[in-house]
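First comes the structure, then the notes that go with it.
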Amino acid sequence: MSSQALEPFVIVAIDGGAASGKSSSARALSERFNLLHVDTGSYYRALTSELLAQGVDAGDIPAVTSALGGLRLGTRVDGRSARMEINGRIAGEEIRSREVNEAVSHFAALPVVRQALLAYQRGQADVARARSFRGLVMEGRDIGSVIFPNADFRFFLEADPAERVRRRAREGQEDSIAERDRLDSSRRASPLSCPAGAVAIDTTRLTLPEVVETMSRAIASRLSPA
Ligand code: CDP
Ligand code: CDP
């Protein structure tokens, strides 16, 4: 048997509020350990952008359900990142627009929307295996609680709201962070919260390399750096 066959397939879940540092740390871990990086926030954003383009209102559940039924979801792997295709097309920068920032949490609160992405998100582990990655690092709001509750590593990132607003502003983005956090934390379907057993990291006064180092030390107990 080759040594590769003995190597574990590792699933890393990272959850947290807006601008807590999920994407940057997930990207760094994907490079360090050769994991497929899955940004599920971009999936909710792409769905939102598509539904808005179709003129669908988040308050009109029958219209949302009907529109979702017409969408075919696929995956394209770009380097170490998974990208969601909707009817064969990958969304662009419009998913970071103010319209999407304001609407995404309203769509994401709908069970029918979460259901539409549930099996698809779990299936990303098969995509990672098929592409010979050593595992998957998936970030979002409910990865360690709902999508992969048995993930090998579950991290929950926190940071003071004022610091998170500063981070977004430094990126030149106008974002409704407080409002999204409020909606994401208070919804009934898969609310944002630190699941029991997850490792919480307060990143307010940590640099990104320090956050990545903390996570890497834990992961390296199972997987050597690539
Ligand atoms: O980058 P940022 O943390 O600001 O947000 P994001 O990860 O791009 O997620 C955008 C929105 O999608 C969130 O505010 C949630 O409403 C929703 N989302 C979710 O409900 N569940 C996930 N697993 C990921 C995102
Ligand atoms: O994915 P999420 O919205 O949680 O956050 P991000 O996009 O990874 O991080 C938002 C911004 O904060 C980026 O520009 C990061 O470089 C920065 N950041 C930071 O300054 N210090 C940290 N400890 C983590 C992230």
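The values are calculated or read from the model by the stated rules, or taken from the named source; none is laboratory data. Remember, it's a predicted structure, so these values are computed and weren't measured experimentally. Neighbour counts are summed over all protein chains in view; Cβ atoms, including those assigned to glycine, are modelled from backbone coordinates with ideal geometry. Ligands, DNA and RNA are excluded from the accessible area calculation, which covers all protein heavy atoms including side chains. Shrake-Rupley method; radii C 1.70, N 1.55, O 1.52, S 1.80 Å.
Residues that are surrounded by 20 or more Cβ atoms within 10 Å (Cβ to Cβ) and polar (S, T, N, Q) within the stretch 140-156 comprise just one, S145. Candidates are the residues of the stretch 36-50 that are within 20 Å of F133 (Cβ to Cβ) and among the hydrophobic types (A, V, I, L, M, F, W, C); the one that is nearest to ligand 2 (Cβ to nearest atom) is V38. Within the stretch 192-208, restricting attention to residues that are part of a strand (DSSP E or B) and open to solvent by 30 Å² or more (accessible area, probe 1.4 Å), the residue that is farthest from ligand 1 (Cβ to nearest atom) is V199.
Only residues that are assigned to a loop (DSSP other than H, G, I, E, B), more than 24 Å from P111 (Cβ to Cβ) and open to solvent by 60 Å² or more (accessible area, probe 1.4 Å): list them for the stretch 162-191, please. Once the filter is applied, which keeps residues that are assigned to a loop (DSSP other than H, G, I, E, B), more than 24 Å from P111 (Cβ to Cβ) and open to solvent by 60 Å² or more (accessible area, probe 1.4 Å), the stretch 162-191 yields E171, G172, E174. Here A116, A159 are screened, and the one residue that is more than 10 Å from ligand 2 (Cβ to nearest atom) and open to solvent by less than 60 Å² (accessible area, probe 1.4 Å) is A116. For the stretch 122-139, does any single residue satisfy the condition of being within 16 Å of ligand 2 (Cβ to nearest atom), closer than 16 Å to L47 by Cβ, open to solvent by less than 10 Å² (accessible area, probe 1.4 Å) and not aromatic (F, W, Y)? Within the stretch 122-139, not a single residue is within 16 Å of ligand 2 (Cβ to nearest atom), closer than 16 Å to L47 by Cβ, open to solvent by less than 10 Å² (accessible area, probe 1.4 Å) and not aromatic (F, W, Y).
The criterion of being touching a strand residue (DSSP E or B) at 6+ places or on another chain (Cβ under 8 Å), modelled with pLDDT of 95 or more, open to solvent by less than 20 Å² (accessible area, probe 1.4 Å) and among the small types (G, A, S) does not hold for A67. Determine whether the stretch 35-55 contains at least one residue that is out of contact with any strand residue (DSSP E or B) (no Cβ under 7 Å at 6 or more places or on another chain), closer than 23 Å to R182 by Cβ, open to solvent by 20 Å² or more (accessible area, probe 1.4 Å) and hydrophobic (A, V, I, L, M, F, W, C). Yes, there is a match, as at least one residue in the stretch 35-55 is out of contact with any strand residue (DSSP E or B) (no Cβ under 7 Å at 6 or more places or on another chain), closer than 23 Å to R182 by Cβ, open to solvent by 20 Å² or more (accessible area, probe 1.4 Å) and hydrophobic (A, V, I, L, M, F, W, C).
Within the stretch 66-122, the set of residues being among the β-branched types (V, I, T) and assigned to a loop (DSSP other than H, G, I, E, B) is empty.
Among what's in the stretch 10-34 and is charged (D, E, K, R) and farther than 18 Å from P195 by Cβ, pick the residue that is surrounded by the fewest Cβ atoms within 10 Å (Cβ to Cβ). Working first, answer last.
Applying the first criterion (charged (D, E, K, R)) to the stretch 10-34 yields 15, 22, 27, 31-32.
The next check asks that each one be farther than 18 Å from P195 by Cβ; those that pass are 27, 31-32.
On the way: R27: 19, E31: 15, R32: 17.
Of everything passing the filter in the stretch 10-34, E31 is surrounded by the fewest Cβ atoms within 10 Å (Cβ to Cβ).
In the stretch 209-220, the condition of being in a loop (DSSP other than H, G, I, E, B) and open to solvent by less than 40 Å² (accessible area, probe 1.4 Å) is met by no residue.
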